[in-house]
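Worksheet: one structure, shown below.
The values are calculated or read from the model by the stated rules, or taken from the named source; none is laboratory data. Keep in mind that what you see is a predicted model, and the values were worked out from it rather than measured. Cβ placement follows ideal geometry from the backbone for every residue including glycine, while neighbour counts extend to all protein chains displayed.
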Amino acid sequence: MTARARKTPLWEPGLVPAPGHLLDWRDGRHFDRWQNLPCTLCGKDTPMRSHFNEPVHKTCAEEWISSHPTEARRGRFASDIQLKRGKAYHDHA
């Protein structure tokens, strides 16, 4: 992690996806509308943030999980916690 990244998450992360699966980052706190910072993995500017406030593109984080499956279990990048919803909820995303 970089010096900017925190050791404790800013909000509770969920599960780490299996290698090759997608992160679920629907929470608006992943997006910093005020400042783009260099991605910790590719170096290009991004408004995206991990749960630890680490600037990272979602696709870069997913590729990192696939290429570092053992280290990924430590939770550097994780999906958001999924709230259980009633039968009336249908996810069309």
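Here's a check for you: in segment 45-69, which residue that is touching a strand residue (DSSP E or B) at 6+ places or on another chain (Cβ under 7 Å) and assigned to a loop (DSSP other than H, G, I, E, B) is nearest to L83 (Cα to Cα)? Working first, answer last.
Our first condition is that a residue be touching a strand residue (DSSP E or B) at 6+ places or on another chain (Cβ under 7 Å); within segment 45-69, this holds for 45-49, 51, 55-58.
Pick out the ones that are also assigned to a loop (DSSP other than H, G, I, E, B) and you get 47, 51, 56-57.
On the way: P47: 25, H51: 17, V56: 24, H57: 24 Å.
It comes out as H51.
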Q. I81: under 15 Å from P13 (Cβ atoms), modelled with pLDDT of 95 or more and not charged (D, E, K, R), yes or no?
A. no
Q) Name the pairs: first residue in segment 6-17 and at pLDDT below 85, second residue assigned to a loop (DSSP other than H, G, I, E, B) and of a type in the set (A, V, I, L, M), Cβ to Cβ under 6 Å, at least 6 apart or on different chains? A) E12/I81
(Q) Which residue is modelled with the lowest pLDDT, if the candidates are limited to segment 25-44 and must be in a loop (DSSP other than H, G, I, E, B) and buried (at least 17 other Cβ atoms within 10 Å of the Cβ)? (A) W25
Q) Which residue out of G43, G75 is at positive phi and over 11 Å from the mean Cα position of the chain (by Cα)? A) G43
